[in-house]
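A quick write-up on the structure given underneath.
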Amino acid sequence: MKFVLCITGASGAVYGYRALQILSSIARVDVVVSRAGGIVLEQELGRSVSELREEFPKANFYGERDISAPIASGSVLTSYRGVLLMPCSMSTLASVASGVNINLIHRVCEVALKERVKLVMLVREMPYSRIHIENMLKVTDAGAVVVPASPGFYHQPKRMEDLIDFVVGKVLDLLGVEHQLYNRWKGGEE
């Protein structure tokens, strides 16, 4: 299994970090962190991209300006199970919705859409403007899956980590990755 994980400049870097923890233990993960994503990573988790490289030596890290990276090519990306944007900023969403490629993250998303590789965009913003909603509709119509970073509570979370794991687990569900990050809904008992 191979995945691309992109961390952009929206609040919620912890979602990308937790996904990297899980995926790097079971699959190959190529990681792209935008410049703004690196700033948020530092502010929210106290970790730099270079510290992530050290912590996850099996992951392949690419700079957001590295347009020559293998994952920028459809002939390479078609062998991947999915591309995850965790978190996905609204400016990244807008670029993808408009087909504008300013960096490697945008290019990877464009390639995923054209090659029909699963693209999951974990948006982290509130409230949504009409422009946000229209961009979510555009990428959904193009084949992406938009996931709001909205934790559930039916699994009776006790810690913040439980809420994070719920959201990350829902993304992994979309990619067919087995996990035990949260207790699934059991329904009413008879």
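Data table
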{"read-out": "Karplus (6.51, -1.76, 1.60) ³J(HN,Hα), θ = phi - 60°, over the stretch 123-134, in Hz, Gly and Pro reported as x", "value": "7, 9, 7, 7, x, 8, 8, 4, 4, 4, 5, 5"}
{"read-out": "Kirkwood hydrodynamic radius of the stretch 2-174, from inverse mean 1/r over distinct Cα pairs, in Å", "value": "15.9"}
{"read-out": "Nearby lysines by direct alpha-carbon distance to K138 (threshold 18 angstrom, same-chain neighbours under 8 apart not counted)", "value": "K114, K118"}
{"read-out": "For A97, net neighbour charge (Lys/Arg +1, Asp/Glu -1) across residues whose Cβ lies under 12 Å away", "value": "-2"}
{"read-out": "Cα-projected label distance for L137 with S25, points at 7 Å along beta-carbon direction, nm", "value": "4.1"}
{"read-out": "Charge context of A72, other residues only, Cβ under 13 angstrom, K/R +1, D/E -1", "value": "-2"}
{"read-out": "Where labels lie 7 Å past Cα in the beta-carbon direction, separation of M126 and E178 in nm", "value": "3.4"}
{"read-out": "Global geometry of the stretch 48-125, whether rounded, prolate or oblate, following the gyration tensor of its Cα atoms and the 1.5 cut on a/c", "value": "oblate"}
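Values in this text are rule-based calculations from the coordinates and carry no lab data. Just so it is clear, the model here is predicted, and its values are computed rather than measured. So basically every Cβ, Gly included, is an ideal-geometry build from the backbone, and we count neighbours across all protein chains shown.
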